[in-house]
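None of the figures in this text is laboratory data; all of them are computed from the coordinates on show. Note that the coordinates shown come from a computational prediction; the quantities given were computed from them, not determined experimentally. For neighbour counting, all protein chains shown are included, and Cβ atoms are generated from backbone atoms with ideal geometry for every residue, glycine included.
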Amino acid sequence: MNTTSSANQVQKNNADSDSNHEVKNDVAYRDGFHFYFQYQAYTIHAFGSAILGKEIVYLDDKIVAEKRSFRSKSCLAFEIGKTPFEIEFNMVNSITGELHCSLIKDGAHLKTLKRALKKSNHLTVTNVLRLLFLSAGIGIGFMGTLVLGEVAGLWNIDTVISYFN
């Protein structure tokens, strides 16, 4: 990403959620959460994966901090010059996927941007039931394969179970 497109992304990002009360519902699971901050001549890009828990902070397109976290709140520390900065991710609502990202300079809050998953990606009763039925189907299929393999004499269930212990 070049600096011109970074600057354009910062302007779009800030225009989208300039108010601290507005939450943009524009995030898809596969794309993850992207937050752009402008500090002096620097562009700070914070990325959080919606699936894998990977968090990365870029300073002018160079990685300055990264980690994997599945907690509802996490911080990534980095420095600009000798000044300490932090990016704080805070998952406010797991059902709607609302994530707040704050830029902190030397312990003082500078700005918070807010994003949420698109409504089609919200954790709904239907999506939970789909996940449960998928998991049950996989489990029943696995157990059925074990039993049929035992009956057909292809393997011994005790041997297969001991493999997993």
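Could you check region 67-110 and list, in sequence order, the residues that are of a type in the set (D, E, K, R), farther than 16 Å from TYR36 by Cα and part of a strand (DSSP E or B)? Scanning region 67-110 gives LYS67, ARG68, LYS73, GLU79, GLU98.
Of the candidates GLY153, GLY144, GLY137, the single residue that is free of Cβ contacts under 8 Å to residues at least 12 places away in the same chain, at positive phi and loosely packed, with under 11 Cβ neighbours inside 10 Å is GLY153. Among residues of region 59-84 that are surrounded by fewer than 13 Cβ atoms within 10 Å (Cβ to Cβ), those with a Cβ under 6 angstrom from a residue that is outside any strand (DSSP E or B) and not acidic (Asp, Glu), sequence gap 6+ or separate chain, pair up as ASP61/MET1; ARG68/GLY53; PHE70/GLY53. Check region 111-120 and report whether any residue there is under 18 Å from PHE35 (Cα atoms), surrounded by 15 or more Cβ atoms within 10 Å (Cβ to Cβ) and without any contact (Cβ under 8 Å) to a residue 60 or more places away in the chain. For region 111-120, residues under 18 Å from PHE35 (Cα atoms), surrounded by 15 or more Cβ atoms within 10 Å (Cβ to Cβ) and without any contact (Cβ under 8 Å) to a residue 60 or more places away in the chain: absent.
Determine whether region 96-110 contains at least one residue that is in contact with a Phe, Trp or Tyr (Cβ under 6 Å, 6 or more places away or on another chain) and either over 21 Å from LYS24 (Cβ atoms) or without any contact (Cβ under 8 Å) to a residue 40 or more places away in the chain (or both). Yes, because at least one residue in region 96-110 is in contact with a Phe, Trp or Tyr (Cβ under 6 Å, 6 or more places away or on another chain) and either over 21 Å from LYS24 (Cβ atoms) or without any contact (Cβ under 8 Å) to a residue 40 or more places away in the chain (or both).
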